[in-house]
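Scroll down for the structure; my scribbles are underneath it.
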Amino acid sequence: MRDPDADLATNRTLWTVVNSAFSAEHGRRAWTAADITWGLFQVRESNVGVLGNVRGLDVIELGCGTAYLSAWLARRGARPVGVDLTPAQLDTAARCQQRLGPLFPLIEANAEEVPLLGASFDLVVSEYGASVWCDPERWIAEAARLLRLGGRLVFLTNSVLATLCVPEDEGFARECLMRPQRTLHRVRWPGGGTEFHPSHGAWIRILSSNGFVVEALHELYAPPESQTHEYYDIATADWAARWPVEDLWAARLSRRP
């Protein structure tokens with residue numbers, strides 16, 4: 001049985017450590033990047049085209065971390081709000097706002113239960129945020145509540161294949177299946193942290209039951225000349241050049257669940 005409070009506490013503790021070890025410095029670098037990119041290997045949004053024109057849109061990022069994605073969207077004319085449960089991550093985002101701009105609201109909250117009015121946003125986004133660290137049954141329902149009818153949800157998570165190939169004691173994905181797919185819905189890592197990795201079929205069921213119609217599933221590979229990530233040991237650049245390392249979903253809210 002899941003203990004939501006324990007998962008929240010564990011994940012907050014983990015991301016406090018990650019912020020100190022990596023994401024604070026990475027966040028400062030990412031805030032200065034000119035292009036919107038996705039994932040470990042910085043796949044260019046201009047090559048994927050999943051977001052479209054965001055100018056004038058009300059956007060909420062669930063599990064924003066250091067909020068560099070929200071900053072990128074703000075520079076393109078969106079009105080973002082960043083939500084995260086880890087104070088250290090939001091502190092980094094706030095410092096980047098003050099030093100680099102632009103300014104937008106940052107809210108400390110669980111993405112499964114956001115303290116904002118429903119039907120207030122045109123776009124919900126999550127890049128390795130709620131899409132990995134929150135219960136999909138709960139955060140997808142919350143995304144549907146927050147969106148206006150016809151609004152869009154865009155989120156990036158580990159590919160199902162990559163997760164199947166990562167050893168149970170962590171480390172880089174291997175060239176063989178390392179775990180049964182039925183155990184992926186909730187993964188508690190030995191080093192700390194609880195992740196959620198539904199199958200493609202489960203994602204479609206969850207999205208559909210909450211009123212979404214899937215528009216696209218982009219399976220992302222490492223671009224040529226990519227280097228293995230300096231911090232996250234999910235997959236090497238060589239592995240990710242041959243197999244999809246991330247799933248980038250786009251869906252539209254077509255009805256109220």
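Based on what the data block shows, is Leu51 at pLDDT 95 or above, among the hydrophobic types (A, V, I, L, M, F, W, C) and under 28 Å from Ser120 (Cα atoms)?
Yes; evaluated as a whole, the condition is true for this residue.
Just to be sure I understand the filter: pairs with C-beta atoms under 9 Å, separated by 6 or more residues or on different chains, first member in the range 207-229 and farther than 12 Å from Gln42 by Cβ, second member at pLDDT below 95. Which pairs pass?
Matching pairs, first to second residue: Ser209/Pro257; Asn210/Pro257; Gly211/Arg256; Gly211/Pro257; Phe212/Pro257.
For the range 81-109, give me each residue that is open to solvent by 50 Å² or more (accessible area, probe 1.4 Å) and among the acidic types (Asp, Glu).
Scanning the range 81-109 gives Asp91, Glu108.
Among the residues that make up the range 149-158, is at least one of them outside any strand (DSSP E or B), open to solvent by less than 10 Å² (accessible area, probe 1.4 Å) and either at pLDDT below 95 or not aromatic (Phe, Trp, Tyr) (or both)?
Checked the range 149-158: no residue is outside any strand (DSSP E or B), open to solvent by less than 10 Å² (accessible area, probe 1.4 Å) and either at pLDDT below 95 or not aromatic (Phe, Trp, Tyr) (or both).
So which of Ala71, Ala78, Ala173, Ala67 is buried (at least 21 other Cβ atoms within 10 Å of the Cβ) and on the phi > 0 side of the Ramachandran plot?
That would be Ala67, the only listed residue that is buried (at least 21 other Cβ atoms within 10 Å of the Cβ) and on the phi > 0 side of the Ramachandran plot.
Collect the residues in the range 107-159 that are among the small types (Gly, Ala, Ser) and within 22 Å of Ala88 (Cα to Cα), keeping them in residue-number order.
Within the range 107-159, Ala109, Ala111, Ser126, Gly129, Ala130, Ser131 qualify.
Under 30 Å from Trp189 (Cα atoms) and either more than 14 Å from the chain's Cα centre (by Cα) or buried (at least 22 other Cβ atoms within 10 Å of the Cβ) (or both) - does that describe any residue in the range 51-58?
Looking for residues that are under 30 Å from Trp189 (Cα atoms) and either more than 14 Å from the chain's Cα centre (by Cα) or buried (at least 22 other Cβ atoms within 10 Å of the Cβ) (or both), one finds none in the range 51-58, hence no.
The values are calculated or read from the model by the stated rules, or taken from the named source; none is laboratory data. Every value quoted in this text rests on a predicted model; they were computed, and no experiment measured them. Please note: Cβ atoms are built from the backbone with ideal geometry, for glycine as well, and neighbour counts cover all protein chains shown. When the accessible area is computed, the model is the full protein with side chains, heavy atoms only, and any ligands, DNA or RNA have been set aside. Shrake-Rupley method; radii C 1.70, N 1.55, O 1.52, S 1.80 Å.
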